[in-house]
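Below you'll find the structure, written out as structure tokens, and then a few comments.
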Amino acid sequence: MRGWISLFKKEMRSMLFTILVSGLLVTAWEIFLITKMNRWPLGMTFGLGFIPLGILPLIMLVQGYQSFRQEWKGNTIYLLKSLPRKGYELVSSKLAASGLVYIILTLYTVGLHLFFHRQHFSTLMGEVPKSLAESYSPRMIVIAVLIYLAIGIIPYIMSQFSYLVSCYFSKFRWLVSIVVFGLSHYLLMRVSGFIARLFNWLPDLPLDVMWSGPYGQETATIYLGSGPIVALVIVLLGFFLTGSWILEKQLDV
């Protein structure tokens, strides 16, 4: 465990620049929106403040591809492969570090945005129908957080896996990575859809949603299938372990 923690700390140190630059860009964006609060329509700056949350998953995708590409490019892969560590330890330490950075930047973005737009947020919360407010459940927040984590983690795992597969080839690695990335997503959907049938016995997860309709604010309860979620996790774990096996057993440096 101590060796894995050392790898994790190494990855966190290497990502300090990413954290700093991303934090500065988010701050600059928020300051820009503040200067437009009294010029643009009410609520527009509030909505635009969440744009960075759509960019962070793209950063995770790039981080997944670069995670081992930088090791090869900087010739540090020789040291990494010489360590008495399993492939899944090397891969998981990078995933954990990137995932933590993803969470840190998300919390910073949301916290900073709500701080600067606390009046708009209070007004918005005041417009929530009483029936929906009374039916609030921590389950809704948990499901939303898990979905957002999945949006960042899935591209990371798939892009990292794609690069490791491309290392079998000496030329056109970027092209191979793109092809593998597309095929792996196809397999992810197809295989997880097949496996999901084995978990049809699991209960569905209820989720309350709200939208603006012709008669005002309307609410409804939708149900998320637990089977597809479990199947998706299983297939993702398969890609993760396959990438770890490729790194440990198949790739020579």
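The values are calculated or read from the model by the stated rules, or taken from the named source; none is laboratory data. Not measured: the values here are computed from a predicted model. Cβ coordinates were reconstructed from backbone atoms using ideal geometry, including for glycine residues, and neighbour counts include every protein chain displayed. The protein model used for the area step is the full one, side chains on, heavy atoms only, and it has no ligands, DNA or RNA in it. Shrake-Rupley method; radii C 1.70, N 1.55, O 1.52, S 1.80 Å.
Look through segment 207-246, keep the residues that are open to solvent by 40 Å² or more (accessible area, probe 1.4 Å), more than 19 Å from the chain's Cα centre (by Cα) and under 26 Å from residue 188 (Cβ atoms), and return whichever of them is modelled with the lowest pLDDT. Checking each candidate, the answer is 209. Based on this model, can you work out whether residue 54 counts as small (Gly, Ala, Ser) and farther than 23 Å from residue 184 by Cβ? No.
Of all residue pairs spaced 6 or more apart or on separate chains, those with beta-carbon atoms under 6 Å, a first member in segment 176-194 that is free of Cβ contacts under 8 Å to residues at least 40 places away in the same chain and a second member that is surrounded by fewer than 17 Cβ atoms within 10 Å (Cβ to Cβ) are 176/169.
Screening residue 249 against (1) modelled with pLDDT under 85; (2) open to solvent by less than 90 Å² (accessible area, probe 1.4 Å); (3) in a helix (DSSP H, G or I) leaves a single unmet condition, (2). Remark: pairs (first residue in segment 27-41, in contact (Cβ under 8 Å) with a residue 60 or more places away in the chain; second residue open to solvent by less than 80 Å² (accessible area, probe 1.4 Å) and aliphatic (A, V, I, L, M); Cβ separation under 8 Å; 6+ apart in sequence or on different chains) = 27/112; 30/112; 33/48.
Considering segment 3-34, and only residues there that are among the β-branched types (Val, Ile, Thr) and touching a helix residue (DSSP H, G or I) at 6+ places or on another chain (Cβ under 9 Å), the residue that is nearest to residue 159 (Cα to Cα) turns out to be 18.
Of all residues in segment 12-27, those that are open to solvent by 50 Å² or more (accessible area, probe 1.4 Å) and either over 24 Å from the mean Cα position of the chain (by Cα) or farther than 20 Å from residue 70 by Cα (or both) total 2. Candidates 133, 144: the one that is of a type in the set (Gly, Ala, Ser) and either under 23 Å from residue 10 (Cα atoms) or modelled with pLDDT of 75 or more (or both) is 144. Contact map, segment 10-22: residues that are more than 14 Å from residue 62 (Cβ to Cβ) and touching a residue at least 12 places away in the same chain (Cβ under 8 Å) paired with residues that are open to solvent by less than 30 Å² (accessible area, probe 1.4 Å) and assigned to a helix (DSSP H, G or I), Cβ distance under 6 Å, separation 6+ or inter-chain. Pairs shown: 11/93; 11/94; 11/97; 12/97; 19/101. Residues in segment 148-161 that are more than 25 Å from residue 45 (Cβ to Cβ) and either of a type in the set (Val, Ile, Thr) or modelled with pLDDT under 85 (or both): 153, 154, 157.
Taking segment 28-49 as the range and being at pLDDT 85 or above, exposed (fewer than 14 other Cβ atoms within 10 Å of the Cβ) and either aromatic (Phe, Trp, Tyr) or under 29 Å from residue 93 (Cβ atoms) (or both) as the test, only 32 passes. Within the span defined as segment 174-181, every residue fails to be modelled with pLDDT under 75, surrounded by 12 or more Cβ atoms within 10 Å (Cβ to Cβ) and within 25 Å of the chain's Cα centre (by Cα). Among the residues of segment 63-97, those that are open to solvent by 50 Å² or more (accessible area, probe 1.4 Å), in a helix (DSSP H, G or I) and either within 16 Å of residue 7 (Cβ to Cβ) or of a type in the set (A, V, I, L, M) (or both) comprise 70, 78, 79, 81, 82, 88.
For segment 24-62, a residue qualifies if it is touching a Leu at 6+ places or on another chain (Cβ under 7 Å) and part of a loop (DSSP other than H, G, I, E, B), and exactly one does: 49. Considering only residues in segment 98-129 that are over 12 Å from the mean Cα position of the chain (by Cα) and small (Gly, Ala, Ser), the one that is modelled with the lowest pLDDT turns out to be 126.
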